[in-house]
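> So that we are looking at the same thing, I have put the structure below in structure tokens.
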Amino acid sequence: MHRLRLALFTALIVLLAPLPRLAAGDGFYAPARTLLPSAPDGMISDYAGVSPRWEAAADGASRLVVPAPGRNEVNLVWTYWGHTRPEAADWTAWADQGELRLRAGQTVTVRPSVSIKVAGDWTAFAESPSAELSAGRDNVLPLSLPPLPAAGQVEAVRLLLVADEDLPELVVSDWSVGGTRPMALSVPGEETLRTVNPVTVSGRVGASGPVVVRAVASDGRELARWTVQAAADGRFELPLDRSGLPAGLLRLQAASVARPELRSGDVDLYVYPVITPGRSLPPVVRDGRHLLVDGKPWGFAGFNYTRFSLGNAIRADFRQLAEDFRVSAEWGVTVLRIPLHLGMIQPEPGVFPDHPRYADILRRHKLDPRFFELLDYAVALAGAHGMRLVLEWHEMPDDPYRYFVGGNEQDRGSGKPGNGIAWLYDAETRSAVGPGEPRWVRAIVDTNRWMARHFKGNGNILGFEVPYNEPHSVADSSEAAWRRITAETIRPIRAEDPARLTFAMPPAWGHGNVMPSVTWQLPDELDGMAPHYYLGNGPVPVRPDASTRPEPWLARDVAATFDHSFAAVALPHSAAPWPVWNGESGEHGYQSLFPELTQLQAAPLMIEAQLVQAYAAGMCGSLGWTLTGHETIYEPLTGVYAEAMRRFAPVFTAGPVDYARPQVLFVQNPAAVPGDNGLNQACTPLARLALDLHLGPVHYMSDDQLLYNGLVQLSSGLEQVESVAAGLHYKAVVVDTRNLDSRALELLAASRLPVLKTADAAALTADELAGFLSRNGVEVDRRTPAALQLIAGPRHLLVYRRSGDGAAKVYPNLGFEGRAALVDEDGREVFAGTAEALRRDGLRVDLPKWRTAIFRIEPRS
């Protein structure tokens, strides 16, 4: 019965799909570019006080509803994104006419005309014949297009409909531009292409007989070929199986076998992945400091995908999402973090996407009611590409002027009430409910409960972030407040989906690394930490010119930043027994850190450094921050992002650097040096020494952390106890005695571990530390230059140049058994032999400053 229903549904779609219309000349109208309902290179815009809105039709397809304008004319303006504008000469080559398919609320006669904006100027209108729109059914309007100037980019298309009376509400299902062809092809709408398989491609040619249809990639490669039979009236249909084609945009071409001159133009076909309902990736579980997939340590690299907190609320663009995810997967991305506005999930208290009023509320705010359907699709689509998602609350419903939830930024400060989703805002007092207040926390708790229930058991979701993005207010940044709020927001997730992982966002804008609750004493039921460590905001001094830069706090000493800043930021997490990953990083702040470099010069250095150092610090993942699709922030750097992911994602996926049993422990009171900007400043010299001496993984503990982990009260008799040291499995300990709890020194003395005391970590020299460690059985590498950092993972060796440039030898201690080879990024074998031979003879590397060499470790018999 299920198959019968599916067959009937597919047949109905075929019957309703638009066939190419017969043109006035000796050919057929063939759409070359579809503007509506979906196009990846632009969007519909408000114009002259009319704000079209998107709605789902009964068949699930998107329709553009144009409200009755209250006058006798209405404009539809479709605008290209700045980076996608075609040249006028190219437009003219494939489009000389258009077509509009729409319904009217009542019968009306309209006079359509079209103007095109090229290089800042609108052309004269090209008028089309008057046409009667019959109420309640689809009407097709042929459209004439104006001639374009020879040079310049096409920026927008404006369609003007004029009547002799006030226009009713109009519903547009399709708007395309194209031309007359001797053969026409028509592909189904986006909704059918996404949800139905196989899909039916229809066409018409001026002769019966066999027709060859080809699928062609953007580089001209033929991907598939089919032969179909055109009937006596020239019509033909091709059932096309999406699963046999690569995801993404390709071109269809068709030609008559008997009369090859009868051929179509190129027709775009976007191939959506075929998704099996209910299927998801295997779950990720936590085991101590590691994340496991199928029982093996696993890590990830990726980005923040920001469209859900921006334009997706206004337009749920399934094709754009599919293309973004396809590209991310092609780069090697394994995790995407999804910043969300909580108001798009709970637009009113107690109203969620399964509530009958949810869609109406979004429509009232001029938002797309298919928003959550798009998020559901994103979760399924991610899994189809082998990616997982992290969901987090980036914004709350507390700003009625926020554009991306229905507000108007121009009304801010005007005294006018805002229209955005903002039920945590009091219009009378003009104040918002703040972090930590009961209504604020309740909003998150209720939404977390609903989301956890909805996505229960779905392996395509790596986890939820709690409590919300970058806490930084008085009410949520104290130890007690942050711990309480974080715990409260975890509980509903655990109640609905006990196996779901949760990761916490530290206070102090997400980069605080001083509090015990962040570094070593997490709230109950929390699985790990996800701080935001940007390269330019580390515990190193700012430059003398910082006050002249756009963001002075990011204008730090460049050499120190690349040399040891990230290692110092990560060091307080080194002894944590749970996963840590960097939730935001990237090129943000390059104008202040690198005032002399362009975006394209600075971004590769900053992105690479953060990926390398996150991996070196034992973090299980790193996610870059960007504004997905932004024409000046994102688009110029797609090549940089692609290269970084292709190089480093496999390194993370193979598993993190093992921090389980290091040989060296540093102990320090974080207040040995006053903190600054939420960061531990005291540990910076220790991080630098560990790098200079190539100590590899080390542990750092505060004195409180040491006592928490190592001090045991044992019974020595009836109602008698004594303190003993336990659980400290190190070969050597280095202690900064400033402000140190005396019990920590007593504990270390009782442990009988070798201890080096210093009254100032900054005064401790590499020679002093190396001598102490060597005397106590810790191997110290003084042959590898300090400027080169060695990072040994489960299946990769990374060499990073912290400073200087040129060729040098490194002497890694990889510890593998038997024989193995090191294979460089070009696939060349640069070493083969035992670990002992590698440590003895070394490996020659030639690296410019702040760049990395990656070698795969491959077993050899």
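The values are calculated or read from the model by the stated rules, or taken from the named source; none is laboratory data. Nothing here was measured: the structure is a model prediction, and the numbers come from that model. Every residue, glycine among them, receives a Cβ derived from its backbone with ideal geometry; neighbour counts consider all protein chains shown. These area figures cover heavy atoms from the full protein model, side chains too; ligands, DNA and RNA do not enter into them. Shrake-Rupley method; radii C 1.70, N 1.55, O 1.52, S 1.80 Å.
> Sorting Lys416, Lys117 by accessible area (1.4 Å probe), largest first, what list results?
From most exposed to least exposed: Lys416, Lys117.
> A follow-up question, please. List the lysines whose alpha-carbon lies under 27 Å from that of Lys809, not counting same-chain residues fewer than 8 positions away?
Output for Lys809: Lys849.
> Now for a separate question. Each label point is 7 Å from the Cα along the Cα-to-Cβ direction; what then is the distance between the points at Arg840 and Ser803, in nm?
Reported label-point gap for Arg840 and Ser803 is 3.3 nm.
> Next question, about the same structure. Find which of Ala48, Ala95, Ser202 sits farthest along the positive direction of the dipole of the chain, computed with +1 on the beta-carbon of Lys and Arg, -1 on that of Asp and Glu, about the Cα centre.
Value: Ser202.
> Restricting to DSSP loop positions (anything but H, G, I, E, B) with no more than 12 other Cβ atoms inside 10 Å of their own Cβ, which trypsin sites (Lys or Arg not before Pro) remain in region 168-221?
When the trypsin sites (Lys or Arg not before Pro) of region 168-221 are filtered for loop state and at most 12 Cβ neighbours within 10 Å, Arg221 remain.
> Pairs of alpha-carbon atoms within less than 8 angstrom and 6+ residues apart define the contacts here; what relative contact order does region 745-861 have, in percent?
Dividing the mean separation by the residue count of region 745-861 yields 25 percent.
> Averaged per residue, what accessible area in Å² does region 214-283 show with a 1.4 Å probe, protein chains only?
53 Å²
> Let me ask something else about it. How big is the Cα convex hull of region 126-221 in projection, averaged over all directions, in nm²?
Hull-based average projected area comes out at 10.8 nm².
> Okay, moving on. Can you classify region 409-491 as rounded, prolate or oblate using the Cα gyration tensor, where a ≥ b ≥ c are the square roots of its eigenvalues, rounded means a/c under 1.5, and otherwise it's prolate if a/b beats b/c and oblate if not?
Note, shape of region 409-491 comes out oblate.
> By how many degrees, between 0 and 90 and to the nearest 10, does the Cα long axis of helix 479-496 differ from the longest principal axis of the chain?
50 degrees
> Give me the percent of the accessible area of the chain that comes from carbon and sulfur atoms, probe 1.4 Å, all protein chains in place.
Looking at the chain in its full context, I get 51 percent from C and S.
> Go through region 304-318 residue by residue and turn each phi into a ³J(HN,Hα) via Karplus (6.51, -1.76, 1.60, θ = phi - 60°); whole Hz please, and just put x for glycine and proline.
For region 304-318, the Karplus-derived couplings read 7, 9, 9, 5, 5, 9, 10, x, 5, 5, 8, 9, 7, 9, 5 Hz, x marking Gly and Pro.
> Then there is this: Considering Cα pairs under 8 angstrom that are at least six residues apart, work out the relative contact order of region 456-557 and quote it in whole percent.
With pairs under 8 Å counted, the relative contact order is 25 percent.
> Right, here's the next one. Of Val293, Ala475, Gly407, whose Cα points farthest to the positive end of the dipole of the chain (charges on the beta-carbon: +1 Lys, Arg; -1 Asp, Glu; origin at the Cα centre)?
Ranked along the dipole, the leading option is Val293.
> Could you give the alpha-carbon Rg of the chain over 2.2 N^0.38 Å, rounded to two decimals?
Taking the Cα Rg and dividing by 2.2 N^0.38 Å, one obtains 1.09.
> Loop by DSSP (not H, G, I, E, B), at most 10 other beta-carbon atoms within 10 Å: where is the longest site-free stretch of the chain for GluC sites (Glu not before Pro)?
No qualifying site falls inside 429-595, the longest such stretch.
> For Lys117, which lysines qualify as cross-link partners when the Cα separation must be under 27 Å and same-chain residues fewer than eight apart are set aside?
Straight-line reach from Lys117, under 27 Å: Lys366.
> Under 8 Å for C-alpha pairs, at least 6 residues apart: give me the relative contact order for the chain, rounded to a whole percent.
8 percent
> Per residue, what accessible area does region 490-607 have, given a 1.4 Å probe and all protein chains present, in Å²?
Counting only protein heavy atoms, the per-residue value for region 490-607 is 30 Å².
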